[in-house]
Every structure is written in structure tokens, then in C-alpha cells.
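No lab work stands behind these numbers, since they all come straight from the coordinates. If you're wondering where the values come from, they're calculated on a predicted model, not measured in any experiment. Here Cβ is always computed from backbone atoms with ideal geometry, including for glycine, and neighbour counts include all displayed protein chains.
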Amino acid sequence: MEIVICKTKEEASKLAAQMITDAVKKNPKLVLGLATGSTPVLMYNEMAKAVKAKKVSYKQVKSWNLDEYVGLPGTHDQSYRYFMNKNLFEKIDIKISNTHVLDGMAKDPEAECKKYEEQIKKAGGIDIQVLGIGSDGHIAFNEPGTSLASRTSVVYLTPSTIKDNARLFFKGKEKEVPTRALSMGVGTICEAKKIILLAFGENKQNAVQQMVEGGVSQFCTASALQLHNDAWIFCDEASAKKLKLKKYYAWRSATKMGK
Ligand code: GLP
């Protein structure tokens, strides 16, 4: 794991976006795994700026998103399809037909998940997977207690995730939040060739500490990234606060990145 600790989330988002821009320049047919949540929005804005400045093009890039709520159509303003269209796809030159988000309205959800896995495999696998992290240490919607070998499937949200995500729903009401989702599995995520995880703000302190310095455990599914040999964790100072070796990580990553 490479832990990059920046003063601000803006700085961290710029570095992460640059990593993606460079990778797309190198391989215009890159396969991206994408994430939702408030955390990657700044990075998506930076990626869009690079497209506007004609530094890079996503015309041949394909993407697969991590997850989607069961029961929300892509037109619902809290669906992850809607989020991706608004926060990234409409701002860059990617072909919408090359973007994939699990269908939360699928009649046969398990078949939808199976199809998704097959599509990713056919595309040659994910080159770079973007991740956020839940305050309980989940990645995608892989809640505590999920097997670290799990594949894309129907998953059940914990009360704490429902509470965290309620702020984005109608009047912030928890009962508006779906209790189930379709989510890439931890095993699926860990097959990506490179991983970029973003974690910002004080409420991610415990999750970041557990992910990086706790044992590998299904209680914090992000800890599975300890077994990945090209995982980059971009933190701001607030989210990195509880890391015991934060000074060492900061020095090591800065040296490696030539900063
Ligand atoms: C949801 C998503 C995760 C995301 C998390 C954190 O649970 N399924 O992919 O990482 O929210 O969201 P935020 O970035 O808004 O804190």
C-alpha cells in the first residue's frame, strides 16, 4: 500500500486525477472502475478540466461502476447512474455506451451481477479502480462481515451506512434509503491492476487507520487492499490523523513521487 498524505483534499484529488490522466494518455483504451460518494467529486472535476484543456481524451475508455441501489432507476437523482452522469460522464468525452453501472431495477439481480462480472472479464479486467471508503471501512457496498473473496452480488446495508447516506436522500430521511444494493465484491475489486482509494475528513480517521494498520479482516473490508501490490491511498491530513506511521508514509510517498 502506498499512502499519500496531502494537506488538503484538493491537493490529494489533483494528484489522483493526474495519475488517471497520465494512465489514459498512455493507454487511450484504459478500463476504469469508478466510484460514487462525495469523496471522488473533486477528482472528477480535475479529470474534466484535463479533458477541457484537451490534455486527454476518454473517447475509447470504458468504465464499470462499483455499485447501485436496488430499486432505484437510473433517472432517480440518488441513483449512482444519475450521479455518474452528472458528476463525470457529462463533463468528459466518454461515450455513454462505454459506461456501465449495475441496473438496480434488474428483474433478476443475481443474473445482472453475473453479467457484469462477465463484461469486465471480456474487457480484459479493470486497469484502475477508484474507491472511496465508508466510515465503517467498507469499499463499494461491502459491509463488515462480507467475505474478502466476494464477487458482484446483492448486498445488505448496515444501519450505520444507511445513516451516513441518508443526508443525500429526500429530507435526509433514513427510511428513503434503499436497504439493499448490487455491489462489486471485494474479490472483484482486488483483481483490478491498480487501485486508487480516496479518503477525506475526520469521520474517515478510524476507517483509514483500520484499513492501513489493522489486521486484514472482513470487519473492515478495505483492509483487503493490504494484499494488493499496487494500491494507492490518497488522504488529507484529517483522515490520516490516527495513522501511527503517518510521517513515514508521507515521506516515502513524496520521495517515490519525486515531490
Ligand atoms: C457509499 C458508497 C461507497 C462510498 C461511500 C462513502 O457507501 N457505496 O462507494 O465510498 O458511500 O461515501 P462518501 O465519499 O460520500 O463519504
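Rounded, prolate or oblate: pick one for segment 157-259, where a ≥ b ≥ c are the square roots of the eigenvalues of its C-alpha gyration tensor, a/c under 1.5 means rounded, and failing that, prolate if a/b is larger than b/c, else oblate. Intermediate values should be presented prior to the final figure.
Working: a/c = 2.24, a/b = 1.60, b/c = 1.40.
Judged from the Cα gyration tensor, segment 157-259 comes out prolate (a/c at least 1.5, a/b above b/c).
Measure up Lys204/Lys247; Lys9/Lys247; Lys107/Lys204; Lys26/Lys49 against 29 Å on the Cα-Cα distance and list the ones that go over.
On the way: Lys204/Lys247 18 Å; Lys9/Lys247 18 Å; Lys107/Lys204 35 Å; Lys26/Lys49 18 Å.
Pairs exceeding the cut-off: Lys107/Lys204.
How fast does segment 212-259 diffuse by Stokes-Einstein, in µm²/s, taking the Kirkwood radius from C-alpha pairs at 4 °C and 1.567 mPa s? Display every interim value, and only then the final one.
Working: Rh = 12.0 Å.
Answer from the Stokes-Einstein relation: 108 µm²/s.
Any idea how far the Cα center of segment 56-71 sits from the one of segment 192-259, in Å?
The distance from the Cα centre of segment 56-71 to that of segment 192-259 comes to 24 Å.
Short version: what are the Cα gyration tensor semi-axes of the chain, square root of 5 times each eigenvalue, largest first, in whole Å? Walk me through the numbers on the way to the answer.
Working: eigenvalues 128, 104, 62 Å².
For the chain, the ellipsoid semi-axes come out as 25, 23, 18 Å.
With viscosity set to 0.692 mPa s and temperature to 37 °C, compute the Stokes-Einstein D of segment 107-212, Rh being the Kirkwood radius across alpha carbon pairs; µm²/s, no decimals.
Values: Rh = 14.9 Å.
Value of D from the Cα-based Kirkwood radius: 220 µm²/s.
If packing is taken as the mean number of other Cβ atoms within 10 Å per residue, what is the order of 235-247, 188-200, 86-98, highest first? Walk me through the intermediate numbers first.
On the way: 235-247: 18.4, 188-200: 23.3, 86-98: 15.7.
Result, highest mean Cβ count within 10 Å first: 188-200, 235-247, 86-98.
Kindly work out what percent of the DSSP beta bridges joining two residues of segment 2-256 are antiparallel, to the nearest 5.
Of the beta bridges lying entirely in segment 2-256, close to 30 percent run antiparallel.
Binning every alpha carbon pair distance of segment 2-46 at 10 Å from zero, what are the percents per bin?
The calculated distribution, bin by bin, is 26, 53, 21, 0.
Provide the packing ranking of 219-231, 33-45, 154-166, i.e. peptides ordered by the mean count of other C-beta atoms within 10 Å per residue, highest first. Write out the running numbers ahead of the final one.
Working: 219-231: 19.5, 33-45: 21.8, 154-166: 16.7.
Per-residue mean Cβ counts within 10 Å order the peptides as 33-45, 219-231, 154-166.
Report for segment 142-258 the percent antiparallel among DSSP-assigned beta bridges with both residues inside it, nearest 5. Display every interim value, and only then the final one.
Details: 5 of 10 bridges.
Within segment 142-258, antiparallel bridges account for around 50 percent of the total.
What order, most packed first, do the peptides 171-181, 137-147 have when packing is the mean number of other Cβ atoms within 10 Å of each residue?
In decreasing order of mean packing, 171-181, 137-147 become 137-147, 171-181.
How much of the pair distance distribution for segment 18-100 lies past 20 Å, counting alpha-carbon pairs only, in percent?
Details: 932 of 3403 pairs.
Taking all Cα-Cα pairs of segment 18-100, the fraction more than 20 Å apart is 27 percent.
Take each uninterrupted DSSP H stretch in the chain, measure its Cα extent along the helix axis, and return the ones at 24 Å or beyond whose mean Kyte-Doolittle hydropathy is at least -1.0. Could you put the intermediate results ahead of the total?
Details: long enough: 9-26 (26 Å, -0.53).
Long hydrophobic helices here: 9-26.
Wrap a convex hull around the Cα atoms of segment 54-101, take a quarter of its surface area, and give that in square nanometres. Kindly include the intermediate steps, with their values, before the conclusion.
Details: hull surface 13.7 nm².
Spelled out: convex hull of the Cα atoms, projected over all directions, averaged, 3.4 nm².
Can you tell me what percent of all Cα-Cα pairs in segment 1-146 are more than 20 Å apart? Working shown, then result.
Values: 5200 of 10585 pairs.
Summing the P(r) of segment 1-146 above 20 Å gives 49 percent of all pairs.
Expressed as a rounded percentage, what relative contact order does segment 2-256 have, with Cα pairs under 8 Å and six or more residues apart?
Numbers: 526 pairs, mean separation 61.6, N = 255.
Relative contact order, segment 2-256: 24 percent.
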